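The numbers here are math on the coordinates, done by the rules we state, and not lab data. All of these numbers come straight from a predicted model, not from anything done at the bench. Note: ideal-geometry Cβ built from the backbone for every residue, glycine included; neighbour counts use all protein chains shown.
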Amino acid sequence: MTSGRAAPPLPPPQPPALAARAVSEAARAAAEAWAQPMDPAESGRAASQLHSVLRDLGIATRGLARFQTTGRPADPAPLGFSRLVAAAAQRLVAAWESLDGVIAAEGLGAVPDPDEPGAVLCRAARNTITAWRQPIGTSEDRDTTVQRLITAIGYLSAATQCLITFAPRQRAIVLRAVDATMAAATACLTGAIQPPADEAGPGRQCSGMADGSR
């Protein structure tokens, strides 16, 4: 009879705000890299990486909607926080789904260098799934996490604009729609941490998104 060794324990997930900073920094590096001239293979691979990132951020952002605050007393989340963050997650998933047809038609492309900016961004986005699954921290941690996610989406938007420059016509049309959907996600996240000034503020604008309007 042989005795096997127990598998080493998995490392604990990153704190939510640190995971958000990592994905923001990786998105910035990818945007800078994708601003350089690309051949068709590189452009297609970058679009595939963007597709993966949007999927993982959409899944992870659902967890942020359940952020539990600590402290004595714990600061309550702003009114509508969970609904608006959930709506943002829905928009990110919708952006991912928009790229499905392009990826299915063009394929995933060659396996990238694991150290290239797009691959690093994919890993950072994947890490947010575990980091944000059961997020807990102070209200400052919560708002910092969301703000860094907003920053990350801003860099993803810049990266998408770069991909549009090098994309064939059909992919460019889809990428423009993806960019608009990311802007809608940003509006929801902004409303989640900043109470609307009036009834026509960001929260009102995103209410239909939470109900599934496209």
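At a 10 Å Cβ-Cβ cut-off, how would you order 115, 143, fewest neighbours first?
115, 143
Once phi is turned into θ = phi - 60°, what whole-Hz ³J(HN,Hα) does the Karplus curve with 6.51, -1.76 and 1.60 give for every residue of region 134-150, x standing for Gly and Pro?
Computed from phi, the couplings for region 134-150 are 9, x, 8, x, 6, 4, 5, 4, 4, 5, 5, 4, 5, 5, 5, 5, 4 Hz.
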